[in-house]
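Every number here is computed from the coordinates shown, using simple stated rules; none is lab data. All figures in this text were calculated on a predicted structure; none of them were measured in a lab. Neighbour counts run over all protein chains shown; Cβ positions are idealised from the backbone, glycine included.
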Amino acid sequence: ETDIETIVELIQTDPVLSYQLLKVVNSAAFSGFQAIESIEQAVVRLGIANLKNWVMVIPMTNISQKPMELVESGLIRAHMAQKLAETQANLCPQSAYTTGLLSVLDSLMDSPMSNLVDKITLTDEIKLALTAHKGPLGELLATVVAYEEGHWDTLKKNAYSGLDLSQIYIDCLEQVALGKKAMSEPP
């Protein structure tokens, strides 16, 4: 809950963060035809929701010596959870994104999920989803994980059975691949 000017000021204090932001905004997923003239313009083009998502991912790549594929799995889950939540009136897409992203935290940190979520401020709904796959977000996360793991029989009995999960998953893979490419391109 802050204004764009404050966000821009914070980003501008870190040249590396500013550079990474510009790389992401210039990626195929977000680029426009007009060149970026300022960090503020980059933030506006990316959008606050995408900026929040991007900022949550950066520390995950630095907290663990685990393979990058684990972080990518969290990103794919996050994007898929968000897209599925957008089809359900009772779910907040941003909460779904957060749930999907943090669903790999136990593997990244080599610690039980219950211990990890007790140390951070999250809604009870997200904590329940992460620790027990219960509640609306938990059911959503269970669907995403079941799809990821190929448990097709589980998928036929839920609220998302009318959606083309294959296409949604492919779209999420492409989105994560574009973001990864943008972050790894040399200066």
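Distance between the 7 Å Cα→Cβ label points at Met68 and Asp3: 3.8 nm. Shown is the FRET efficiency for Met109 and Leu173, computed with R0 = 35 Å from the Cβ-Cβ distance and rounded to the nearest 0.05: 0.90. Subtracting the Cα-Cα distance of Gln41 and Ile120 from their residue separation scaled by 0.36 nm leaves 25.3 nm. Over 27 Å apart at the Cα level, from the set Lys119/Lys180; Lys52/Lys127; Lys52/Lys119; Lys23/Lys66, are Lys119/Lys180.
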